[in-house]
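Written below as structure tokens is the structure these notes are about.
The values are calculated or read from the model by the stated rules, or taken from the named source; none is laboratory data. Everything quoted here is computed from the prediction, not taken from an experiment. Positions of Cβ are backbone-derived with ideal geometry, glycine not excepted, and every protein chain shown enters the neighbour counts.
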Amino acid sequence: MGQDNAGILERQRIRRGNFTGPTSGLAPGNVQANLVILPRDLAHDFLRFAQANPKPCPVLAVSEAGSPGFPTLGEDLDIRTDLPLYRVWRDGELVEEPTDVRHVWRDDLVSFAIGCSFSFEEALIEDGIEVRHIACDTNVPMYRTNIPCVPAGVFSGPLVVSMRPLKPRDAIRAVQITSRFPSVHGAPVHLGMPEQIGIRDISKPDYGDAVPIHDDEMPVFWACGVTPQAVIAAVKPAFCITHAPGSMLITDLRNTSLSAL
């Protein structure tokens, strides 16, 4: 795979600790990925869970046990250092949010890179659709819903969604655009009426930051790669590492390579 300078430069900046914020808008054109790292004895069940729930968990790559690399996503990539912020979980409880996970790395860990909606945002912007959290320079708002994921092995739990407020005509166009990107969540799973999917207060996201919704707009919800974190909180595995919401792995893949059309 050829090297991509934008991805390399952003990963190096993150690796040095020079960037610790949300990655939305970084390295335009490059695929970003959610991250789940589990012990090998749970990896097969999680892969089955992801395959059963392709909207929230579209798998882009799976590492070898103990390997800190994803060769198909970036030749110099180091899973342990190249995200701005990680989450370390023990028995389903969040115990640490470090910028580097080498101190907790183990030889039995298997890493999963999962598609991220930040990739299709570029296509929305190119079509003239405003992405509110980028315009506000904040993290995307994300919510736990009352929609259950399909269980597999030990894994089960609620779907998490990300939200972008859009005018009705832009929402229709957004459905058309994002449906071309099934490997980064694809088309929305719900439009308007957040209470129907268990969201009581749209101004209080479970992850990320609230954004303004104007009177002529509706909230549009996409399946979200933070879903595994809600599942981890429900299933309580003894040990797990994930990305912090909004702090993604920047790869060398190009967003255009993921378009199904």
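Quick one: in the range 60-108, of everything that is part of a loop (DSSP other than H, G, I, E, B) and aromatic (Phe, Trp, Tyr), which residue is nearest to Cys240 (Cα to Cα)?
Trp105
Among (1) in contact with a Ser or Thr (Cβ under 9 Å, 6 or more places away or on another chain); (2) closer than 24 Å to Gly25 by Cβ; (3) aliphatic (A, V, I, L, M); (4) surrounded by 22 or more Cβ atoms within 10 Å (Cβ to Cβ), which single condition is Ala187 missing?
(4)
Residue-wise test of (1) among the acidic types (Asp, Glu); (2) touching a strand residue (DSSP E or B) at 6+ places or on another chain (Cβ under 8 Å); (3) touching a residue at least 60 places away in the same chain (Cβ under 8 Å).
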{"residue": "Val59", "(1), (2), (3)": "no, yes, no"}
{"residue": "Glu64", "(1), (2), (3)": "yes, yes, no"}
{"residue": "Phe70", "(1), (2), (3)": "no, yes, yes"}
{"residue": "Leu73", "(1), (2), (3)": "no, yes, yes"}
{"residue": "Arg80", "(1), (2), (3)": "no, no, no"}
{"residue": "Arg102", "(1), (2), (3)": "no, no, no"}
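Restricting attention to the range 14-58, which residues are more than 16 Å from Arg80 (Cβ to Cβ) and aliphatic (A, V, I, L, M)?
If the condition is that a residue be more than 16 Å from Arg80 (Cβ to Cβ) and aliphatic (A, V, I, L, M), then Leu26, Ala27, Val31, Leu42, Ala43, Leu47, Ala50, Ala52 are the ones that fit.
Could you identify the single residue in Leu73, Leu9, Leu26 that is of a type in the set (A, V, I, L, M, F, W, C) and surrounded by fewer than 19 Cβ atoms within 10 Å (Cβ to Cβ)?
Only one candidate passes the filter, namely Leu9.
Name the residues in the range 109-129 that are exposed (fewer than 14 other Cβ atoms within 10 Å of the Cβ) and of a type in the set (Asp, Glu), would you?
Listed by number, the residues that qualify are Glu126, Asp127.
Return the total of residues in the range 138-157 being under 15 Å from the mean Cα position of the chain (by Cα) and modelled with pLDDT of 95 or more. Give the steps one after another, and end with the answer.
Going through the range 138-157, the residues under 15 Å from the mean Cα position of the chain (by Cα) turn out to be 139-144.
Narrowing further to those that are modelled with pLDDT of 95 or more: 141-144.
The qualifying residues number 4.
Given the criterion farther than 24 Å from Met142 by Cα, out of contact with any strand residue (DSSP E or B) (no Cβ under 8 Å at 6 or more places or on another chain) and not hydroxyl-bearing (Ser, Thr, Tyr), identify the matching residue among Asp91, Asp45, Asp41.
On inspection, the qualifying residue turns out to be Asp41.
If only one of Phe239, Phe181 is buried (at least 19 other Cβ atoms within 10 Å of the Cβ) and either touching a Gly at 6+ places or on another chain (Cβ under 8 Å) or not β-branched (Val, Ile, Thr) (or both), which one is it?
Numbers: Phe239 fails: buried (at least 19 other Cβ atoms within 10 Å of the Cβ).
Within the list Phe239, Phe181, the selection yields Phe181.
Does at least one position in the range 144-156 carry a residue that is closer than 22 Å to Ala61 by Cβ, crowded, with 22+ Cβ neighbours inside 10 Å and hydroxyl-bearing (Ser, Thr, Tyr)?
no
Please verify whether the range 230-243 includes one or more residues that are touching a residue at least 60 places away in the same chain (Cβ under 8 Å) and within 15 Å of His133 (Cβ to Cβ).
no
In the set Arg173, Arg169, Arg164, which member is modelled with pLDDT of 95 or more, closer than 18 Å to Ala123 by Cβ, under 17 Å from the mean Cα position of the chain (by Cα) and not assigned by TED's automatic domain parsing to the domain that holds Glu75?
Details: Arg173 fails: under 17 Å from the mean Cα position of the chain (by Cα); Arg169 fails: under 17 Å from the mean Cα position of the chain (by Cα).
None of the others qualify; the one that does is Arg164.
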